[in-house]
Amino acid sequence: MTEEQEVRELIKARKYDEALKIFKTALMNAELYVLKGNIYFEKEQYELAIEMYTNALKLDKDCAKAYSNRGNTKACLKLYNEAINDYRKAVELKPDFVDAYFNMGLTFYCNKQYEEAIDPYNKAIELMPENFMAYNNRGNVKNCIKDYLGAIKDFTKSIEIRPTHNSYFNRGLARENLGNYNDAIKDYTKALEFRPEDCEILLKRGFSEFKNKEYDKAKTDYLSILSTNPVNIEALVSLGLVYYNTEKFNDAIIQYTKAISLNNEYADAYINRSIAATKLSKYNMAEYDLKKMFSFDIFRNDYLSTYNQIRDIIADRNDEASTKFKQSVEKLAKQIKKAREKWF
């Protein structure tokens, strides 16, 4: 067995330290430097990995594998532009290098260069039509550029080749973005067959159920999350919305208060609690929440809708407390308007 073969076997067995010992006496060539770089990559010693791939290129300037692997390493260090340059060199040397195209697309995606990510994925799919991950990832890119129909086609193709929780989940997102909540729920349910307790999937299915006015189902999903993760703020606020929309305003306030206790700068919880508190004529709480809300980001668009909802709720109330609260709300609205005008 050659040194190269021995190193490959040890890497396959994840015996990295044993493999590194071989290099101490080995007559190094480009391939051995690549293998040594791969070991450092697996050990997350990225700077050393880059050094090894660079050494390989000093011995063989046409080593496409060294360029591609160095690109992978730079991507892990978020050196995205440098990584892309390495991938481009790799495919220039080896035009059928599927992995380099795939990882170039992924790196563009991570760098939020969504339009640029499409072509590398196209090429990866052209070279390997059964590459289900390339379809899935291209679908993610299309989701980001709001080509939801194109994304659905890609996720569907990925599912046809090899169903995964990711492809079902991502197709659910695309369908949700199109307002197709029934099919989104079906996709999230399929994703949960792979990962039954995944909080992210349960949250998204709960959201689609909520938008579909299937409040009992949404409630069940949010409670399922909270049974295992009682500090999930998004689930608490979402459950509060379910209670609010079923006119259980006090229960809604309880959930929003729990969320605020976990993060006293979570604006959404204050926004929603102020509306629920107004419903129950808890004006001190509502006013406190409005002031907190306005102290965060004065440019949030939902501040206006919050003000309008509260104004509508109290429009026909004429008792002393309600009248005083109306005055406070109007004063806050003027303050926020004045604060915004300073920036325009």
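Within the range 82-90, is there a residue that is surrounded by 24 or more Cβ atoms within 10 Å (Cβ to Cβ) and among the β-branched types (Val, Ile, Thr)?
Taking every residue of the range 82-90 in turn, none turns out to be surrounded by 24 or more Cβ atoms within 10 Å (Cβ to Cβ) and among the β-branched types (Val, Ile, Thr).
Being assigned to a helix (DSSP H, G or I) and crowded, with 16+ Cβ neighbours inside 10 Å is the requirement here; does Leu35 meet it?
Against the criterion (assigned to a helix (DSSP H, G or I) and crowded, with 16+ Cβ neighbours inside 10 Å), Leu35 qualifies.
Determine the pairs where a residue that is assigned to a helix (DSSP H, G or I), located within the range 306-322, has a partner that is charged (D, E, K, R) with Cβ atoms under 8 Å apart, the partner being 6 or more residues away or on another chain.
Partner pairs satisfying both residue conditions: Arg311/Lys326; Ile313/Lys279; Ile314/Lys326.
Taking the range 159-185, which residues are part of a helix (DSSP H, G or I) and without any contact (Cβ under 8 Å) to a residue 12 or more places away in the chain?
Glu160, Asp183
Of everything in the range 138-158, what is within 21 Å of Thr107 (Cβ to Cβ), in contact (Cβ under 8 Å) with a residue 12 or more places away in the chain and outside any helix (DSSP H, G or I)? Give them in sequence order.
Ile145
So Ala26 fits all but one of (1) touching a residue at least 12 places away in the same chain (Cβ under 8 Å); (2) in a helix (DSSP H, G or I); what number is the exception?
Looking at each condition in turn, Ala26 falls short on (2).
Quick check on my filter: what residues within the range 229-263 are part of a loop (DSSP other than H, G, I, E, B) and touching a residue at least 24 places away in the same chain (Cβ under 8 Å)?
Scanning the range 229-263 gives Asn229, Val231, Asn232, Thr246, Asn263.
Condition first: of a type in the set (A, V, I, L, M, F, W, C) and over 19 Å from Ile275 (Cβ atoms). Now tell me which residues in the range 208-234 satisfy that.
Of everything in the range 208-234, those that are of a type in the set (A, V, I, L, M, F, W, C) and over 19 Å from Ile275 (Cβ atoms) turn out to be Leu223, Ile225, Leu226, Val231.
Among (1) surrounded by fewer than 17 Cβ atoms within 10 Å (Cβ to Cβ); (2) at pLDDT below 95, where does Asp268 come up short?
If we test Asp268 against (1) surrounded by fewer than 17 Cβ atoms within 10 Å (Cβ to Cβ); (2) at pLDDT below 95, just (1) comes out false.
If you check Phe249 against the conditions, is it within 32 Å of the chain's Cα centre (by Cα) and closer than 24 Å to Leu226 by Cβ?
Yes; evaluated as a whole, the condition is true for this residue.
Looking at Lys217, Lys248, Lys211, Lys258, which is the one that is modelled with pLDDT of 95 or more, surrounded by 18 or more Cβ atoms within 10 Å (Cβ to Cβ) and in contact with a helix residue (DSSP H, G or I) (Cβ under 9 Å, 6 or more places away or on another chain)?
Exactly one residue qualifies, and that residue is Lys258.
List, please: which pairs have Cβ atoms under 6 Å, are six or more places apart or on different chains, and start with a residue in the range 92-114 that is within 21 Å of Lys61 (Cβ to Cβ) and end with one that is assigned to a loop (DSSP other than H, G, I, E, B) and not basic (Lys, Arg)?
Leu93/Asp62
Give the residue, chosen from Glu197, Glu193, that is under 30 Å from Ser238 (Cβ atoms) and modelled with pLDDT under 95. Spell out how you get there, then give the answer.
Values: Glu193 fails: modelled with pLDDT under 95.
Answer to the check: Glu197.
Regarding Leu241, is this residue modelled with pLDDT of 95 or more, more than 24 Å from the chain's Cα centre (by Cα) and over 19 Å from Phe294 (Cα atoms)?
no
Would you check which residues across the range 68-79 are surrounded by fewer than 18 Cβ atoms within 10 Å (Cβ to Cβ) and either touching a His at 6+ places or on another chain (Cβ under 6 Å) or assigned to a helix (DSSP H, G or I) (or both) and list them?
Passing the criteria: only Cys76.
Looking at (1) closer than 16 Å to Glu31 by Cα; (2) in contact with a helix residue (DSSP H, G or I) (Cβ under 7 Å, 6 or more places away or on another chain), which is the only condition Glu82 fails?
Among (1) closer than 16 Å to Glu31 by Cα; (2) in contact with a helix residue (DSSP H, G or I) (Cβ under 7 Å, 6 or more places away or on another chain), the lone unmet condition for Glu82 is (1).
Any idea which of (1) at positive phi; (2) assigned to a helix (DSSP H, G or I); (3) acidic (Asp, Glu) is the one Asp86 doesn't satisfy?
Of everything listed in (1) at positive phi; (2) assigned to a helix (DSSP H, G or I); (3) acidic (Asp, Glu), Asp86 misses just condition (1).
Residue by residue through the range 95-149, note down the ones that are touching an Asp or Glu at 6+ places or on another chain (Cβ under 8 Å), surrounded by fewer than 23 Cβ atoms within 10 Å (Cβ to Cβ) and closer than 16 Å to Ser68 by Cβ.
Of everything in the range 95-149, just one residue is touching an Asp or Glu at 6+ places or on another chain (Cβ under 8 Å), surrounded by fewer than 23 Cβ atoms within 10 Å (Cβ to Cβ) and closer than 16 Å to Ser68 by Cβ, namely Leu127.
Consider the range 282-308. How many of its residues are buried (at least 16 other Cβ atoms within 10 Å of the Cβ) and either among the basic types (Lys, Arg) or under 18 Å from Gly240 (Cα atoms) (or both)?
Qualifying residue count, the range 282-308: 9.
The values are calculated or read from the model by the stated rules, or taken from the named source; none is laboratory data. Computed from a predicted structure; not experimentally measured. All Cβ positions, glycine included, derive from the backbone under ideal geometry; neighbour counts span all protein chains shown.
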